[in-house]
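**Student:** My questions all concern the structure below.
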């Protein structure tokens, strides 16, 4: 437990006053109608939306998660989420335009635009509750769990005290300011959070117990954790941490913030952009900041924590007030922060509060948009006034916050939750990629995949079937085959369901094609049949830029991975390799600029 100075308290109080003031200031405009409350009237520029995406994914649980990964599996363990860069850039260069062009209010509304009939209605209603409430509450509870651990270690707060103090102001300004308030405050929250993360890393690697960067990197326990690539002689680590994420995970799994084909709060920001090019710019900026620049301050603190707190017993000894149910390697991040001096401590605490508020406020507004547009208006009151919709949005914001706070009190570990969420989305991602470009995908494809993935994951995690197939010592298959197993079985099931059920009606397919102009061989049958009926679906002003988009995705991956790894090798002192990676980043960046012009010059 640390003792806060007057300066520390002043920094935190000033921050709270600023964020609440922004919420109050924009509340009147946000109350005008539901479009303003959830999408800010679709007038947002790319740079503001991009910063908002980065601030949202800062989160209090992310440094805890990274710390847990580094302490458990080394720096290379981060490939479990670094692989999602491919997903992110696919969204940037292929799907951002499509989402903005669709002009839907939520990505869930897409279901009744792409599909038709009762299956589409069910899918929209079910996914609104499934994602907007169940998954959303789980995600927010994970973030709140991190806040609980930080509050317990740094301030000696009981879990319920942290939940109330952290959640009250967040839900207040979220309910008042709506999406505009969230995005405006995110701009401030980003710089506060980034400054706190960098300041904490610089100070903590230079404390006497660590002894500076050189001493840190040469420490016997740390040196074994430094490799950016996994040990190729360790089959289990290589497959689990590197091959599966890069070969399977990025395209096959639905995960919040990294949905194949875009979705969730990322889609919400694309839908709020001024136009398609602003949507592209926002998502690309987000991916650069999220992967290339932000991870290293967290990684450095995680490595330093191995020196100061080499195991869980040392953390428990230093913080005896932490209950066994909350004890985990993710605690090491906040444990390190207790060593910060006055002033910097206040800045870092403020940055953690900023990260918490940014993530929670986004999740609240996004989940609330599902409740309003895709559940309340669709199922309960189709004729609701705009004023009523805004009111329901504010009520659902409060309800979601309460539910997530209650669940957070029952959770223990952020990495554990991350793995569970990945499993529950395994095998569904391919549908989200293909549904824009293959006419045969129908509502039953998504319904089947969603239930199959969830049921199979439950069977493997909670029944003897999982022990029999993937038992650590005596299973039929090695444990690292568990995720691909779910993907393969889920994919087979939804493909069978697709061909066993009727395709969407010609009217639905033609309407979708005419508005979106997806192009490509997957729609040739629909276009040909329409032409036979004398119906022209193609707009000759549009070109199919997906091939250029895929090339831009590859170049973008090379650019961002090169930047990220170059930064790491500069820190490690391997300047020759860092220089080579810097050159690779520059060259790929130049090629990307040329390809990007082809992607953005014409609407897809």
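**Student:** Scan the stretch 530-549 for residues that are more than 21 Å from residue 598 (Cα to Cα), in a helix (DSSP H, G or I) and out of contact with any helix residue (DSSP H, G or I) (no Cβ under 7 Å at 6 or more places or on another chain) and report the count. Before you say what the answer is, go through the steps one by one.
**Tutor:** Applying the first criterion (more than 21 Å from residue 598 (Cα to Cα)) to the stretch 530-549 yields 530-537.
Within this subset, residues satisfying the condition of being in a helix (DSSP H, G or I) are 530-532.
Checking the rest, the ones that are also out of contact with any helix residue (DSSP H, G or I) (no Cβ under 7 Å at 6 or more places or on another chain) come to 531-532.
Count: 2.
**Student:** Of (1) loosely packed, with under 14 Cβ neighbours inside 10 Å; (2) over 23 Å from residue 87 (Cβ atoms), residue 508 satisfies all except one. Which?
**Tutor:** For residue 508, the failing item is (1).
**Student:** Answer yes or no: is there a residue in the stretch 486-501 that is in a loop (DSSP other than H, G, I, E, B) and more than 25 Å from residue 87 (Cβ to Cβ).
**Tutor:** yes
**Student:** What's the number of the condition residue 340 fails, among (1) closer than 19 Å to residue 67 by Cα; (2) in a helix (DSSP H, G or I)?
**Tutor:** Here residue 340 clears every test but (2).
**Student:** Sticking with this one: Could you look through the stretch 153-166, keep only residues that are in contact (Cβ under 8 Å) with a residue 24 or more places away in the chain, in contact with a helix residue (DSSP H, G or I) (Cβ under 7 Å, 6 or more places away or on another chain) and under 21 Å from residue 314 (Cα atoms), and pick out the one that is surrounded by the most Cβ atoms within 10 Å (Cβ to Cβ)?
**Tutor:** Going through the qualifying residues, I end up with 153.
**Student:** Considering only the stretch 266-280, how many residues are within 22 Å of residue 562 (Cα to Cα) and surrounded by fewer than 22 Cβ atoms within 10 Å (Cβ to Cβ)?
**Tutor:** Going through the stretch 266-280 one residue at a time, the tally reaches 0.
**Student:** While we're on this one: Being at pLDDT 90 or above and surrounded by 23 or more Cβ atoms within 10 Å (Cβ to Cβ): is that true of residue 70 here? Spell out the reasoning first.
**Tutor:** Working: at pLDDT 90 or above: yes; surrounded by 23 or more Cβ atoms within 10 Å (Cβ to Cβ): yes.
For residue 70, the condition - at pLDDT 90 or above and surrounded by 23 or more Cβ atoms within 10 Å (Cβ to Cβ) - is met.
**Student:** Quick one: how many residues across the stretch 323-334 are within 25 Å of the chain's Cα centre (by Cα) and either assigned to a helix (DSSP H, G or I) or exposed (fewer than 14 other Cβ atoms within 10 Å of the Cβ) (or both)?
**Tutor:** Residues meeting the conditions: 5.
**Student:** Could you check, for the stretch 426-441, whether at least one of its residues is modelled with pLDDT under 80 and crowded, with 18+ Cβ neighbours inside 10 Å?
**Tutor:** Checking the stretch 426-441: at least one residue is modelled with pLDDT under 80 and crowded, with 18+ Cβ neighbours inside 10 Å.
**Student:** Let me ask another. Considering only helices (runs of 4 or more DSSP H) fully contained in the stretch 15-118, which possess at least 1 residues that are under 28 Å from residue 572 (Cβ atoms)? So that I can check it myself, show each step before the final result.
**Tutor:** Values: elements: 34-39, 46-58, 61-73, 79-82, 84-90, 96-102, 110-114.
Answer list for the stretch 15-118: 46-58, 61-73, 79-82, 84-90.
**Student:** Right, something else. Taking the stretch 10-28, which residues are closer than 21 Å to residue 392 by Cα and surrounded by fewer than 16 Cβ atoms within 10 Å (Cβ to Cβ)?
**Tutor:** Passing the criteria: 24, 25, 28.
**Student:** Still on this structure: Sort through 184, 130 and tell me the only one that's more than 30 Å from residue 25 (Cα to Cα) and in contact (Cβ under 8 Å) with a residue 40 or more places away in the chain.
**Tutor:** Within the list 184, 130, the selection yields 130.
**Student:** Let me ask another. Could you tell me which residue of the stretch 245-272 is farthest from the chain's Cα centre (by Cα), considering only residues that are in a helix (DSSP H, G or I) and farther than 20 Å from residue 553 by Cβ? Let's see the steps before the verdict.
**Tutor:** Within the stretch 245-272, the first condition is being in a helix (DSSP H, G or I), and the residues that meet it are 245-252, 264-271.
Next, only the ones that are farther than 20 Å from residue 553 by Cβ stay: 265, 268, 271.
On the way: 265: 8, 268: 13, 271: 17 Å.
Within the stretch 245-272, the match that is farthest from the chain's Cα centre (by Cα) is 271.
**Student:** Here is a check on your reading of the model: is residue 351 touching a residue at least 60 places away in the same chain (Cβ under 8 Å), closer than 30 Å to residue 226 by Cβ, under 28 Å from the mean Cα position of the chain (by Cα) and in a helix (DSSP H, G or I)?
**Tutor:** yes
**Student:** Now a separate question. Looking at 227, 174 in this structure, which one is within 27 Å of residue 286 (Cα to Cα) and either outside any helix (DSSP H, G or I) or over 28 Å from the mean Cα position of the chain (by Cα) (or both)?
**Tutor:** Unique residue meeting the criteria: 227.
**Student:** From the list 515, 524, exactly one residue is without any contact (Cβ under 8 Å) to a residue 40 or more places away in the chain and surrounded by fewer than 17 Cβ atoms within 10 Å (Cβ to Cβ). Which is it?
**Tutor:** 524
The values are calculated or read from the model by the stated rules, or taken from the named source; none is laboratory data. Being a predicted model, the structure only gives us computed values, none of them experimental. Every residue, glycine as well, gets a Cβ built from its backbone with ideal geometry; the counts of neighbours run over all protein chains shown.
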